[in-house]
Every structure is written in structure tokens, then in C-alpha cells.
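Take a look at the structure below.
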Amino acid sequence: MQPFLLGMISMGCAVAALLFLKFWKSSRDQLFLFFSAAFAIEAINRGVFAVILQSSTEYQPGYVLARLLSFSLILVGIIYKNSTPRP
């Protein structure tokens, strides 16, 4: 049951990444690109974790570093958006 739920979370993150990519293409706002990259990394992370769930725990350094990278991308995107001058 748990691999199925992780697969659903991975699919949801992939859909969110594609939606943010679509928003970026129409508006060219860099924040959407950062969000798209973060959700894509999280989708890959959850998918890999679902595949090798039996032999690992969620607190291994690789999974934690991938989450740290995705959350850092969101934070950098927000800081970048707020630091650029508005026209």
C-alpha cells in the first residue's frame, strides 16, 4: 500500500511541475520555473523512494538532500522574485 501512495504523490508532484512549467511558458516569470524544478526533483525523489522502499528508510542522506535542494529552490525563487525591481 505504501509504494502505491508514494507513486501517487510522485505523480502529483510531476503534474504540479508540468503545470508550473506551463505557467512559466505563458508568463516568463522565473518564480514558476523555480517551482517547476522543485516539484520535478520531488517527483523523482518520491518515485525512487517508492521503487526501493523495501531496502531503505526515508531518512537516508540522498533523500534528505534531494528534499533540501527542492525546498531551497523554492526559497531562492521567492527571494529572487522579491529582490528584482518591478516595472
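The values are calculated or read from the model by the stated rules, or taken from the named source; none is laboratory data. Bear in mind that the values here come from a model prediction, so they are computed numbers and not experimental data. Here Cβ is always computed from backbone atoms with ideal geometry, including for glycine, and neighbour counts include all displayed protein chains.
Computed values, structure above
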item: Count of residues meeting criterion [acidic (Asp, Glu) and surrounded by fewer than 17 Cβ atoms within 10 Å (Cβ to Cβ)] in the stretch 29-51; result: 1
item: Positions within the stretch 1-23 being within 11 Å of the chain's Cα centre (by Cα) and either surrounded by 18 or more Cβ atoms within 10 Å (Cβ to Cβ) or of a type in the set (D, E, K, R) (or both), in sequence order; result: Ser10, Cys13, Ala17, Phe20
item: Answer residue from the stretch 52-64, given it is surrounded by 12 or more Cβ atoms within 10 Å (Cβ to Cβ) and among the aliphatic types (A, V, I, L, M) and is nearest to the chain's Cα centre (by Cα) among those; result: Val64
item: Scope the stretch 15-55; condition among the aromatic types (Phe, Trp, Tyr) and farther than 30 Å from Arg86 by Cα; matching residues; result: Phe49
item: Candidates Gly47, Gly7, Gly62, Gly12 - the one that is modelled with pLDDT under 90 and part of a helix (DSSP H, G or I); result: Gly62
item: Subset of the stretch 73-87 [loosely packed, with under 12 Cβ neighbours inside 10 Å and among the hydroxyl-bearing types (Ser, Thr, Tyr)]; result: Ser83, Thr84
item: Single residue of Ser70, Ser26 found to be modelled with pLDDT of 95 or more, surrounded by fewer than 16 Cβ atoms within 10 Å (Cβ to Cβ), part of a helix (DSSP H, G or I) and not basic (Lys, Arg); result: Ser26
item: Which listed residue, of Ser10, Ser83, Ser72, Ser36, is touching a residue at least 24 places away in the same chain (Cβ under 8 Å) and of a type in the set (S, T, N, Q); result: Ser10
item: Residues located in the stretch 29-44, provided they are of a type outside the set (A, V, I, L, M, F, W, C), more than 19 Å from Tyr63 (Cα to Cα) and assigned to a helix (DSSP H, G or I); result: Gln30
